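The next block holds one structure in the form of structure tokens; read it before the comments.
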Amino acid sequence: MRGTQLTATQYTLLTVLTEMPRRPRVNDLAEALAMDQTTLSRTLKVMEREGLISSVAGEDKRESRWIITALGRSRFRRAHPRWQEAQRSVEKALGVESTQSLVSAAFDLSTRLAS
């Protein structure tokens, strides 16, 4: 991810924001990422300060929803090929089955920790 000005966590959040069908709330993102809301909120605030995302009012004025800014989209597009390259390198080093097992185990662990 070097040279993209994004951390892996920021890239992952931008990916989720890109793929969600509507503007997500913190709760929606926390569930999708199996993260606790406090940690996620801190990360979102940092990304907002950096201009990667923006908070917009939801239907209920008390809730915030998150969108990607033009800068966030630009960095995401630049980082995406590097992320894919990194994924291919891991798969090549570990093999397809091992990579899939590792991804599955990581997801299971993050889901358990978030519960």
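Of the chymotrypsin sites (Phe, Trp or Tyr not before Pro) found in segment 1-80, none is in coil by DSSP with at most 16 other Cβ atoms within 10 Å of its Cβ.
Mark the label point 7 Å from the Cα of SER101 along Cα→Cβ and return the residues of segment 77-95 whose backbone N is within less than 11 Å of it. Taking a point 7 Å out along Cα→Cβ of SER101, the residues of segment 77-95 whose backbone N falls under 11 Å are 95. In this simple spin-label approximation, GLU85 and ARG112 carry label points 7 Å from Cα along the Cα→Cβ vector, and these lie 3.6 nm apart.
The calculated 222 nm mean residue ellipticity attributable to helices in the chain amounts to -22000 deg cm²/dmol, summing -39500 (n - 2.57) over DSSP H runs of n ≥ 4 and dividing by all residues. Name the residue, out of ASP36, ASP28, ASP60, whose mean-square fluctuation peaks in a Gaussian network model built on the chain with Cα pairs under 10 Å. Result: ASP60 has the largest fluctuation of those listed. Classify the chain as rounded, prolate or oblate, taking a ≥ b ≥ c as the square roots of the eigenvalues of its Cα gyration tensor: rounded when a/c is under 1.5, otherwise prolate if a/b is larger than b/c and oblate if not. Taking the square roots of the gyration eigenvalues as a ≥ b ≥ c, the chain is oblate. For segment 30-115, GluC sites (Glu not before Pro) are listed when DSSP marks them as loop and at most 14 other Cβ atoms sit within 10 Å of their Cβ; the list is GLU59, GLU63.
Dipole of the chain (Lys/Arg Cβ +1, Asp/Glu Cβ -1, origin at the Cα centre): which of LEU44, THR4, GLN100 lies farthest to the positive side? The Cα lying farthest towards the positive end belongs to THR4. The distance separating the Cα centre of segment 62-115 from that of segment 1-55 comes to 12 Å.
Laboratory data are not the source of any read-out in this text; all were calculated from the coordinates shown. Computed from a predicted structure; not experimentally measured. Neighbour counts are summed over all protein chains in view; Cβ atoms, including those assigned to glycine, are modelled from backbone coordinates with ideal geometry.
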